[in-house]
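Worksheet: one structure, shown below.
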Amino acid sequence: MDIFAIGDIHGQYDMLEVLLKDWNQETEKLIVLGDLIDRGPDSQKVVSLVKSLVQDKKAIAIKGNHECMYLDWVAHPESLVTYYLPSGGVQTLESYLGKNNVSYLMGSAMANRMKSEFQDVERFFKSMALYEEVGDLVFVHAGVDLSEEDWEDTNPNDFQWIREPFFYLPNETGKTFIFGHTPTQTLNENKSPDIWLSKDKTRIAIDGGATYGGFLHGLHITDDAFRNVFVDKTLTLKEGKNWKEILNTYFPLM
């Protein structure tokens with residue numbers, strides 16, 4: 001099948017709804033690159049929708065660093081409350097528990113409620129994949145360790161957290177990596193939320209910083225082209241770049 005990959009959502013349910021209108025469920029496998037939660041207002045609705053797409057439509061959900069942060073906090077709510085809540089956890093817990101029930105002083109109480117009332121969240125996050133490999137393409141949240149002889153030997157945490165080494169080390173894996181995690185505004189020289197392409201054309205970043213007023217990106221991938229669509233803060237679906245010429249020149253395809 002063809003592929004439709006979606007970058008970091010961060011609780012932006014309305015943007016996700018609009019973007020999914022461009023997904024062809026009959027011909028495209030859906031791959032969501034993690035960070036479903038935190039910072040945005042509707043994490044509960046995003047998680048519920050993506051979980052249903054995994055169960056009913058065989059979509060693939062990649063584990064992001066924010067899913068990992070949530071799991072760490074649930075396991076150690078008192079000691080990690082100041083680690084998770086300031087990183088967008090407040091908004092996630094408010095979407096589940098209500099604004100009046102979220103406080104830095106209620107770590108254990110909040111965790112106990114999440115464990116008892118929303119057990120499916122923890123199970124779903126634990127079930128998420130570290131990456132999805134499709135032919136010569138690898139879909140991952142943050143990236144891989146290109147200094148390893150085999151990229152699959154990457155430290156599990158690096159799949160969710162790595163940044164600079166992955167961007168700039170030579171990629172001799174024969175793979176093209178599609179990833180999120182790092183907003184493209186920090187990668188593009190012009191600070192644009194457009195998709196970022198590495199100089200060697202083997203790394204494609206699609207976290208458009210939706211939660212910061214940027215874009216929620218989707219990437220349609222066929223055997224001869226990459227076509228980008230995105231939703232902006234006005235909830236308008238727009239066409240991005242069509243990279244057929246670049247693909248034919250540089251990419252080893254599926």
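Can you classify segment 70-157 as rounded, prolate or oblate using the Cα gyration tensor, where a ≥ b ≥ c are the square roots of its eigenvalues, rounded means a/c under 1.5, and otherwise it's prolate if a/b beats b/c and oblate if not? Could you put the intermediate results ahead of the total?
On the way: a/c = 2.92, a/b = 2.29, b/c = 1.28.
Cα axes put segment 70-157 in the prolate bin.
First compute the accessible area of segment 1-134 with a 1.4 Å probe, then give the percent of it belonging to carbon and sulfur atoms. Don't skip to the answer; put the middle values down first.
Values: 2650 of 5750 Å².
Result for segment 1-134: 46 percent of the exposed heavy-atom area is carbon or sulfur.
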- For segment 7-50 versus segment 136-190, the gap between their alpha-carbon centres in whole angstrom: 22
- Row for segment 115-254, column shape: gyration tensor on C-alpha, a ≥ b ≥ c, rounded if a/c < 1.5 i.e. under 1.5, prolate if a/b over b/c, else oblate; value oblate
- Query: Quick one: what do you get for segment 166-216 if you divide its Cα Rg by 2.2 N^0.38 Å?
  - Reply: 1.13
- Query: Quick one: putting +1 on the C-beta of Lys and Arg, -1 on the C-beta of Asp and Glu, what dipole do you get for the chain around its Cα centre, in Debye to the nearest 20?
  - Reply: 800
- At 7 Å along the Cα-to-beta-carbon direction for both Ser87 and Ser52, put a label point, then send me their distance in nm to one decimal. 2.9
- Rounded to the nearest 10 degrees, what's the angle between the helix 43-57 long axis and the longest principal axis of the chain, both from Cα atoms, 0 to 90? 60
- Item | DSSP-defined antiparallel bridges as percent of all bridges, the chain, nearest 5 | 55
- Message: Ignoring solvent entirely, what values of log10 I(q)/I(0) come out of the Debye formula for segment 1-109 at 0.23, 0.24 Å⁻¹ when each Cα is a single scatterer?
- Response: -1.20, -1.28
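Report the charge-dipole magnitude of segment 109-160 in Debye, nearest 20, computed about the Cα centre from +1 at each Lys and Arg Cβ and -1 at each Asp and Glu Cβ.
Working: 4 positive and 13 negative charges, 146 e Å.
Roughly 700 debye for segment 109-160.
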- Task: With everything on Cα atoms, drop me the angle between helix 107-117 and the longest principal axis of the chain, reported from 0 to 90° to the nearest 10.
- Result: 70
- Query: Which angle between 0 and 90 degrees, to the nearest 10, do you get for helix 65-75 versus the longest principal axis of the chain when only C-alpha atoms count?
  - Reply: 20
- Leu30's amide H: which non-local residues (gap 5+, or another chain) put their own amide H closer than 5 Å, with H modeled 1.01 Å from N in plane and none for Pro or chain starts? Phe4, Ile60
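What's the magnitude of the charge dipole for segment 92-136 around its Cα centre, counting Lys and Arg as +1 and Asp and Glu as -1 at the beta-carbon? Answer in Debye, nearest 20. Write out the running numbers ahead of the final one.
Values: 5 positive and 7 negative charges, 87 e Å.
Roughly 420 debye, rounded to the nearest 20.
The values are calculated or read from the model by the stated rules, or taken from the named source; none is laboratory data. Everything quoted here is computed from the prediction, not taken from an experiment. In this analysis, Cβ positions are derived from the backbone assuming ideal geometry, glycine residues included, and neighbour counts consider all displayed protein chains. When the accessible area is computed, the model is the full protein with side chains, heavy atoms only, and any ligands, DNA or RNA have been set aside. Shrake-Rupley method; radii C 1.70, N 1.55, O 1.52, S 1.80 Å.
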